[in-house]
Amino acid sequence: MRLFGRFLLAGLVLVGGGLLFNDASQAGYPDKPVEFIAPANPGGGWDLTCRMSAQVLKEAGLVTQPIVVVNKPGGFGVVAMTDITRNRAKDQNVLVAFSAVLTTQMAIKKNPFTYKDVTPVAALFVDYGAIAVRKDSKYASFKDLVEDWKKQPGGISFAGSSPPGGLDHIRIAMMAKALGLPLKDLRYVAFQGGADALAALLGGHVTAFVGEAGEIAGHAESGTIRPLAILSDRKLTGIFEKVPMAKEFGVNVSSANWRGFYAAPEIKKENLKFWEETFGKMVKTKQWADVLEKQAWVDLFLTGDKLQKFLDDELAMYQNLAKELGLVQ
Amino acid sequence: MIEIMNHLGYGLQIALAPINLLYAFIGCLVGTLIGVLPGIGPAGGMALLIPLTYGKEPASAIILLAGIYYGAMYGGSTTSILLNVPGEAASVVTTLDGYQMARKGRAGPALSIAAIGSFIAGTIGVALLMMLGPPMAKVALQFGPAETFALMVFGLSTVTSLAGKSVRKGLVASTFGLMLATVGSDLPTGILRFTFDIPKLMEGVDIIVVAIGLFAVSEILSSAEEMRAGEFVVEKVDRIWLSLQDFRRSVGAILRGSFLGFLIGVLPGAAHVTASFLSYTLEKRLSKEPERFGQGEIRGVAAPESANNSAACGALIPLLTMGLPASAVTAVLYGALLMTGVRPSPFLFQKHPDVAWGLIGSMYIGNAMLLILNLPLVAVWVKILKTPPRWLFPIVLAISFVGVYSVNRSALDLLLATILGVLGYCMRRLDYPLAPVILGLVLGDLLEQALRQTLMISGGSLEIFWRSPIAMTLFVLAAAVVALPQVLYRGKVKPAVES
């Protein structure tokens, strides 16, 4: 039994070692290890936001304290937000990833909390919406797809990774609205994540994929799928350089998912300022530029009042949309 | 073939670099520990160790993390066999015969066959992965929502072989599991079901919390009761090592488990869990003495423990050949690769051969390491059973609760595990089998989700199932699994249905 105990101890020490692997001590804030919470499972967009930022912040020496990335999945971010607002309102050493998922959720009243219940720190980049089909699809261009869609609005199935009322669904609905198609006929199939939705597309089980450019970058590059349009108001670079924007076909829809961090509601002013400045330095580093290019992300840096206004505007837009689309009464 | 051997040579060369050997070893060791300790599963363990891979070569990073993954598949059987506490969800089925073997003084052979089966299956799995990767990936893509639904129905049909004496009680237990699966945020509509405004329940009930509560806590309750009545007997361990006869008896089960597990691993849906349940059912159906299953049949340990290891290899295929992480665990690998600057895509083998082939090479080596690591441990683990129960049970309970807490760091989970423990105790007293609850819980989510996705795609028409030969075949197989034993064993053994 003693041996078993020893193995147990060794295990805990090893696992714990992963958390405490860094050495650092320096005067001033943060004086303790910092926690970055990804309110979803590893491998997704929030997780990547946390891990990529943590990596660049460490490599560039902008934060000397260890940064620990913790996954706290549940309810598309609600579980983590509940924890922060209820139990950790004064915690100075925690940042949580957030994105447009929060504003869409607020618009359809799926989240009991809002960004006003926490302290938004910064938006760091955007990932634009994209529509894609399989490489051997009969739709050679966005125009073909749209024409067929107009003829039979219920005949085209879109696979996405947000729940109904979520961003991917809203993207389809916005396109349908721009084309004057009846919204009740839309066929949007929700999958557990971008990868599952892509697999359904590659297997030929759905007509098209709706998601974000970053999610399909690898497949667009290798040619297994054909990106038909980017839902943006500016051309993307890199892999998506030659992919047209939806508005070039008269479908005036732009849909970006921004990502960033929020802090506890009662974070001190000077600590908030530290993070605003630190992220400001981070987005200017070479390492961050590399990250953006690899992930097909587009840079967007907002803090303070600008971020507030951005969030207010976006929420108003989604609230209007949700009403028009009949997602809320 | 020669080309593959050349690639493998290249992969082994990478894997044998001292630093990568070290990483493979750390991965296997941590994986074994994560598997042994109930609670935190391979995905969680891997996420914890991602910081160790910062700034490392991509090949080293994936070798380390994959080691944790298949290492956990080895370790998961230990507590299932010794203590009736499943170390992770894929080992639930191992408790059925493994724990019975331990009670009969055969913990040593049970642990040994689990390790040897895991080694053989892991090696076969990685060989199949190497040779059949791209064609198997195409098979996996054939599984859309309709086919996935049929696969889940097939998986559920195995409940008839887990049911013990009464099929009816097995169905009740699996229905309870299916009901537990409905708790949480409903994917197709996002509507909350049975969450009672508790945020923690929005993500549903964690499988490992249910498994530990239902198995471990209830085991301790009923053992404590037996102890008071003086009925709790663990027979003395007569031999630690496996006899040749035991091995001969298991070898067929190991091989069948390896191939079946690999196939199920490639397909979408809770691969390891489904694979272990299906291979157990297969062995029971093939056996001339099905009544021995559940009483300490060594094949009932060999088959699922082999299947979950080769399933781990199969599950890597969608990630390596298509850049699609099909499970929670491969999603962590996907994220870790992105972090090191490698974007998983259909071109991974061409663009980053060091990562793909280095991983394959390291898996051969890692499997050997795990066997060498685990066989001597058998002698250590078996000693645990010498601990007087009055000391052992509180310790097991403590470890179990630490495990439950470690999953989400939630006190609510502790409460849930306790409630489920009491429930599990009642189920034992009333002779209801426990494993079908886990089966229902694991498959329920996917089952419902796949059905609703299918109906979204088809616009509500069921005809879509008719048009899919794969789905129809799986439905027929499911019907056969349910119906055949009733026909075949009629008159031979007692009818399975209670009067």
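The values are calculated or read from the model by the stated rules, or taken from the named source; none is laboratory data. This is a predicted model, so every value here is computed, not measured. Note that each Cβ is placed from the backbone with ideal geometry, even for glycine, and that neighbours are counted across all protein chains shown.
Could you look through the stretch B:332-359, keep only residues that are closer than 18 Å to residue B:133 by Cα and under 21 Å from the mean Cα position of the chain (by Cα), and pick out the one that is surrounded by the most Cβ atoms within 10 Å (Cβ to Cβ)?
Taking the stretch B:332-359 and keeping what is closer than 18 Å to residue B:133 by Cα, we get B:333-334, B:344-359.
With under 21 Å from the mean Cα position of the chain (by Cα) added as a condition, the list becomes B:333-334.
Details: B:333: 27, B:334: 25.
It comes out as B:333.
Output the number of residues of the stretch B:14-30 satisfying the condition of being buried (at least 23 other Cβ atoms within 10 Å of the Cβ) and either free of Cβ contacts under 8 Å to residues at least 60 places away in the same chain or aromatic (Phe, Trp, Tyr) (or both).
Number of matching residues: 2.
Give the stretch B:100-121 a look and list any residue that's within 14 Å of another protein chain (Cβ to nearest Cβ) and not small (Gly, Ala, Ser), or say none.
The one that is within 14 Å of another protein chain (Cβ to nearest Cβ) and not small (Gly, Ala, Ser): B:111.
Take the residues in the stretch A:15-30 that are away from every other protein chain (no Cβ under 13 Å) and surrounded by 14 or more Cβ atoms within 10 Å (Cβ to Cβ); name whichever of them is modelled with the highest pLDDT.
For the stretch A:15-30, the residue satisfying everything is A:30.
Specify which of the listed residues (B:66, B:47) is touching a strand residue (DSSP E or B) at 6+ places or on another chain (Cβ under 7 Å) and either at the interface with another protein chain (Cβ under 10 Å from one of its Cβ atoms) or not acidic (Asp, Glu) (or both).
Working: B:66 fails: touching a strand residue (DSSP E or B) at 6+ places or on another chain (Cβ under 7 Å).
On inspection, the qualifying residue turns out to be B:47.
Would you pick out the residues in the stretch B:345-373 that are within 12 Å of chain A (Cβ to nearest Cβ) and either aromatic (Phe, Trp, Tyr) or part of a helix (DSSP H, G or I) (or both)?
Within the stretch B:345-373, B:347, B:348, B:349, B:350, B:351, B:373 meet the criteria.
Which residue is farthest from the chain's Cα centre (by Cα), if the candidates are limited to the stretch B:206-231 and must be assigned to a helix (DSSP H, G or I) and small (Gly, Ala, Ser)?
B:224
Going residue by residue through the stretch B:122-132, is there one that turns out to be within 29 Å of residue B:206 (Cβ to Cβ), within 14 Å of chain A (Cβ to nearest Cβ) and touching a residue at least 60 places away in the same chain (Cβ under 8 Å)?
Among the residues of the stretch B:122-132, not one is within 29 Å of residue B:206 (Cβ to Cβ), within 14 Å of chain A (Cβ to nearest Cβ) and touching a residue at least 60 places away in the same chain (Cβ under 8 Å), which makes the answer no.
Only one of (1) modelled with pLDDT of 90 or more; (2) in contact with a Lys or Arg (Cβ under 6 Å, 6 or more places away or on another chain); (3) within 14 Å of chain B (Cβ to nearest Cβ) fails for residue A:129. Which number is that?
(3)
If we only count helices (runs of 4 or more DSSP H) wholly inside the stretch A:140-256, which ones have 1 or more residues that are within 21 Å of residue B:457 (Cα to Cα) and either among the acidic types (Asp, Glu) or modelled with pLDDT under 90 (or both)?
Result: A:142-151, A:167-179, A:194-202.
Within the stretch A:35-51, take every residue that is modelled with pLDDT of 80 or more and within 7 Å of chain B (Cβ to nearest Cβ) and give me the one that is nearest to residue A:76 (Cα to Cα).
Per the criteria, the residue is A:47.
Do we find that residue B:337 is assigned to a helix (DSSP H, G or I), under 23 Å from residue B:22 (Cβ atoms) and within 14 Å of another protein chain (Cβ to nearest Cβ) in this structure?
yes
Among B:187, B:162, B:156, B:192, which is the only one that is surrounded by fewer than 23 Cβ atoms within 10 Å (Cβ to Cβ) and either more than 14 Å from chain A (Cβ to nearest Cβ) or in contact (Cβ under 8 Å) with a residue 40 or more places away in the chain (or both)?
B:187
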